[in-house]
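These notes are about the structure you will find just below.
The values are calculated or read from the model by the stated rules, or taken from the named source; none is laboratory data. On a predicted model such as this, the values are computed, not experimentally measured, just so you know. As a convention, Cβ positions derive from the backbone with ideal geometry for all residues, glycine included, and neighbour counts pool all protein chains shown.
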Amino acid sequence: MRFVTLIRHPVAMAGAVITTVSAVVFIGLAIAAVMGMFSNPYAGLVVFVVVPGVFLVGLLLIPIGGSLERRWLRRHPDEVVDWPVVDLRKPSVRRTIFLIIGLTAVNVVIVSLAGYGGVHWMESPQFCGQACHAPMHPQFTAWQASTHSRIACVNCHVGEGARGFLRAKLAGVRQLAHVVTAKYPRPVPVWVDMPPGAQAQTCVGCHQPHRTTGDVIRLVREYADDEANSETITILQMHVGTASSSGRSIHWHADPSVRVDFAATDETRQTIPYVRVTRADGSVKEYRAEGVPAQPPAESVRMTMDCTDCHNTVGHPIAPTPEKAVDGAIADGLLNRKLPFARREAVRLMTASHANEDEAVRAIERELRSFYESRSGGVDPQSVAQAIAATQKVYRDNIFPWMKVTWGTYPNNKGHVTSNGCFRCHDDSHQASDGSKISADCEYCHKQIERELN
């Protein structure tokens with residue numbers, strides 16, 4: 001039975017038309033995507049997932065139609081059903097074979113390009129943050145303002161090797177089901193998407209724990225709620241590395257020759273009653289908070305400390321308090337410090353409750369314009385417009401009502417001002433059997449050099 005006879009079934013013909021049209025569309029869209037003609041984050045979904053999916057459906061319809069046609073012919077005795085005879089001496093047979101081989105090669109190329117493009121696109125930050133717009137919008141927005149904004153999500157959130165890849169893809173399937181059914185958690189929990197052993201697998205790919213580092217000077221700028229937005233600058237000498245002036249080091253915790261295990265009683269790891277330190281010489285010491293039994297916690301409960309236990313918001317820095325966010329905007333020059341009461345009014349508007357972002361943006365503009373228009377002597381309209389834009393940006397970067405993300409939703413453990421942070425362990429209450437404690441001495445980590453007011 002000739003192949004042409006089998007594909008005359010309407011289903012097979014429809015498959016051939018769908019395959020041909022989708023192949024042409026894919027090639028054209030793929031060329032346009034390579035040339036950078038698409039900026040919409042959903043373009044990759046259409047080009048590398050939807051169109052190739054339609055193409056594969058068309059390919060499947062061709063043999064299905066042929067099977068249906070064969071079945072129909074077998075039910076009619078007037079048609080002779082037999083195995084097709086391939087006679088290469090006939091030019092028509094040779095042409096048909098060459099045509100099938102050529103089309104198969106083209107199909108393989110199209111499917112391969114689509115598969116590669118699909119995997120590449122689904123590993124892009126645009127897919128992670130914009131295709132899944134609602135649940136990941138806070139993290140994607142914060143990532144764009146972070147020091148890691150040029151590092152793709154998969155570089156940190158997908159572990160090394162086949163095991164890490166499989167784990168990430170299975171998690172992605174589960175997350176896709178949550179997005180489709182709108183049953184994802186609000187807010188997205190912390191630590192749920194980092195591969196085990198993040199320090200060993202991801203952080204050290206760029207950072208160097210063995211590198212000798214000394215002290216680092218850090219300036220902390222804070223502003224008052226008075227009319228002049230008075231500035232306070234605190235200068236801290238941070239004992240970061242092994243060559244610090246105090247002989248102590250914050251990054252001692254990341255030293256590969258030292259292992260710190262701990263047990264937390266909550267998902268956010270803010271309460272840590274047990275710490276176990278294994279030093280380079282093999283000596284072990286266990287510290288327990290008051291009231292914790294001497295029996296060590298089960299192995300399944302213990303975790304090994306790594307970079308992300310302190311730098312837990314480095315990739316997605318959402319401000320822990322409105323004061324910190326507004327102070328940062330003033331320090332960066334986004335919010336004009338010369339504008340009277342700029343800090344006070346911005347913080348006030350940041351603490352107000354709004355149903356959604358659009359409502360908040362309108363309220364910020366209305367309230368600021370009303371406040372400055374009511375002042376005697378008037379205020380430069382351009383400065384007011386700048387303050388409105390800056391305050392709206394602070395809101396958009398940190399508050400996401402739909403995902404229930406607000407101030408303090410994600411505590412920042414790199415410090416101890418807005419959350420327990422360092423004091424989760426360094427509180428002078430974690431004690432070992434020999435009476436020694438995990439010190440809460442401030443100068444273990446830093447020394448205040450100066451405090452300036454102006």
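Of all residues in segment 161-204 being among the polar types (S, T, N, Q) and under 16 Å from Thr308 (Cβ atoms), which is modelled with the lowest pLDDT?
The first filter runs over segment 161-204 and keeps only residues among the polar types (S, T, N, Q), leaving 175, 181, 199, 201-202.
The next check asks that each one be under 16 Å from Thr308 (Cβ atoms); those that pass are 199, 201-202.
On the way: Gln199: 57, Gln201: 65, Thr202: 75.
The residue in question is Gln199.
Going by the conditions given, is Gln448 within 21 Å of Tyr223 (Cβ to Cβ) and either loosely packed, with under 12 Cβ neighbours inside 10 Å or not assigned by TED's automatic domain parsing to the domain that holds Tyr274 (or both)?
no
Would you tally the residues in segment 2-58 being under 30 Å from His137 (Cβ atoms) and either more than 26 Å from the chain's Cα centre (by Cα) or modelled with pLDDT of 80 or more (or both)?
Residues in segment 2-58 being under 30 Å from His137 (Cβ atoms) and either more than 26 Å from the chain's Cα centre (by Cα) or modelled with pLDDT of 80 or more (or both): 9 in total.
On the given criteria, is Ser370 closer than 18 Å to Gly333 by Cα and among the hydroxyl-bearing types (Ser, Thr, Tyr)?
no
Sort through Glu286, Glu290, Glu299, Glu227 and tell me the only one that's assigned to a loop (DSSP other than H, G, I, E, B), at pLDDT 90 or above and surrounded by fewer than 19 Cβ atoms within 10 Å (Cβ to Cβ).
Result of the check over Glu286, Glu290, Glu299, Glu227: Glu227.
Restricting to segment 373-387, and then to whatever is in contact (Cβ under 8 Å) with a residue 12 or more places away in the chain and in a helix (DSSP H, G or I), can you tell me which residue is nearest to Ala352 (Cα to Cα)?
Ranking the qualifying residues of segment 373-387, first place goes to Ala387.
Only one residue in Thr242, Thr268, Thr278 is over 17 Å from Cys445 (Cα atoms), hydroxyl-bearing (Ser, Thr, Tyr) and touching a residue at least 24 places away in the same chain (Cβ under 8 Å). Which one?
Details: Thr242 fails: over 17 Å from Cys445 (Cα atoms); Thr278 fails: touching a residue at least 24 places away in the same chain (Cβ under 8 Å).
Just one listed residue meets the conditions, Thr268.
Can you pull out every residue in segment 256-271 that is in a loop (DSSP other than H, G, I, E, B) and out of contact with any Ser or Thr (no Cβ under 8 Å at 6 or more places or on another chain)?
Pro256, Ser257, Asp266, Glu267, Thr268, Arg269
Could you list all residues from segment 341-372 that are of a type in the set (Ser, Thr, Tyr) and not in a helix (DSSP H, G or I)?
Hits for segment 341-372 are Thr351, Ser353.
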